[in-house]
């Protein structure tokens with residue numbers, strides 16, 4: 001489209017249309033054909049659209065699995081993604097018991113303050129993981145928060161080996177969480193699936209064993225629905 005057509009479609013004058021187009025072009029969302037003087041969508045627009053489709057697929061696929069998981073363990077269930085150097089909760093299903101985890105949709109949490117963040121950290125590519133390690137171990141929230149890079153490296157090895165993470169009182173003293181990784185068709189981690197609640201319930205050995213098994217099973221099912229034939233092991237992932 002040319003500037004005149006864009007101005008007409010937006011119902012603004014040409015000067016305003018030019019300013020809008022210039023901003024979008026600078027950001028990489030559109031590009032100009034110098035010979036025809038027409039503008040078209042560029043790579044950045046495609047990337048945003050693709051990211052939206054990916055997240056929408058994950059949300060719709062995960063939702064039914066989350067409800068099923070909650071029914072089996074009777075605790076709140078959530079999934080989170082890595083955003084910058086934080087774990088961000090994208091969806092949550094409340095515990096039927098009334099008292100579940102305190103995580104809210106849209107809430108960003110440090111990577112060292114619970115199992116969801118540590119799983120997201122553990123399965124990143126090695127170079128990304130190393131960059132995140134330094135920034136993610138700086139702040140302590142409880143006596144159980146890991147603030148040592150060396151200790152976090154050891155924790156990462158355990159997470160990658162077992163395919164899950166148990167967090168007891170790391171972000172909040174009276175809360176606990178169990179998480180497992182979700183992988184896409186390329187075997188790359190795209191989210192962490194977790195369940196959380198009061199620490200006294202998650203400290204019970206029998207329940208903890210059951211919850212670990214169920215969370216891993218649910219995360220594996222979502223991964224398969226996203227096209228990952230099987231959850232990568234510690235040696236294959238990242």
(request) Could you please find all residues in the stretch 131-142 being over 18 Å from the mean Cα position of the chain (by Cα) and farther than 24 Å from residue 78 by Cβ? (result) 134, 138
(message) I'd like the full set of residues that are over 13 Å from residue 120 (Cβ atoms) and buried (at least 20 other Cβ atoms within 10 Å of the Cβ), limited to the stretch 173-182.
(response) 175, 176, 178
(request) For the stretch 212-221, state whether one or more residues are touching a strand residue (DSSP E or B) at 6+ places or on another chain (Cβ under 7 Å), at pLDDT below 95 and more than 14 Å from residue 159 (Cα to Cα). (result) no
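Can you tell me how many residues within the stretch 20-35 are surrounded by fewer than 12 Cβ atoms within 10 Å (Cβ to Cβ) and either more than 15 Å from residue 2 (Cβ to Cβ) or in contact (Cβ under 8 Å) with a residue 24 or more places away in the chain (or both)? Spell out the reasoning first.
Step one: of the stretch 20-35, the residues surrounded by fewer than 12 Cβ atoms within 10 Å (Cβ to Cβ) are 23, 26-27, 33-35.
Adding the requirement that they be either more than 15 Å from residue 2 (Cβ to Cβ) or in contact (Cβ under 8 Å) with a residue 24 or more places away in the chain (or both) leaves 23, 26-27.
Qualifying residue count, the stretch 20-35: 3.
Please verify whether residue 119 is within 24 Å of residue 184 (Cα to Cα), in contact with a strand residue (DSSP E or B) (Cβ under 7 Å, 6 or more places away or on another chain) and at pLDDT 95 or above, treating the condition exactly as stated.
Working: within 24 Å of residue 184 (Cα to Cα): yes; in contact with a strand residue (DSSP E or B) (Cβ under 7 Å, 6 or more places away or on another chain): yes; at pLDDT 95 or above: yes.
The answer is yes for residue 119.
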(request) From (1) at pLDDT below 90; (2) assigned to a helix (DSSP H, G or I); (3) within 17 Å of the chain's Cα centre (by Cα), pick out the condition that doesn't hold for residue 238. (result) (2)
(request) Name the residue, out of 205, 217, that is under 25 Å from residue 62 (Cα atoms) and more than 17 Å from the chain's Cα centre (by Cα). (result) 217
(message) Restricting to the stretch 172-197, give me the number of residues that are part of a strand (DSSP E or B) and free of Cβ contacts under 8 Å to residues at least 40 places away in the same chain.
(response) 1
(request) Check off (1) on the phi > 0 side of the Ramachandran plot; (2) touching a residue at least 40 places away in the same chain (Cβ under 8 Å) for residue 169 and give me the number that stays unchecked. (result) (2)
(request) Determine, yes or no, whether residue 232 is at pLDDT below 95 and under 20 Å from residue 157 (Cα atoms). (result) yes
(request) Please state which one of 109, 116 is in contact with a helix residue (DSSP H, G or I) (Cβ under 7 Å, 6 or more places away or on another chain) and on the phi < 0 side of the Ramachandran plot. (result) 109
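The values are calculated or read from the model by the stated rules, or taken from the named source; none is laboratory data. Because the structure is a prediction, the values reported are computed rather than measured. All Cβ positions, even for glycine, are placed from backbone atoms using ideal geometry, and neighbour counts span all protein chains on display.
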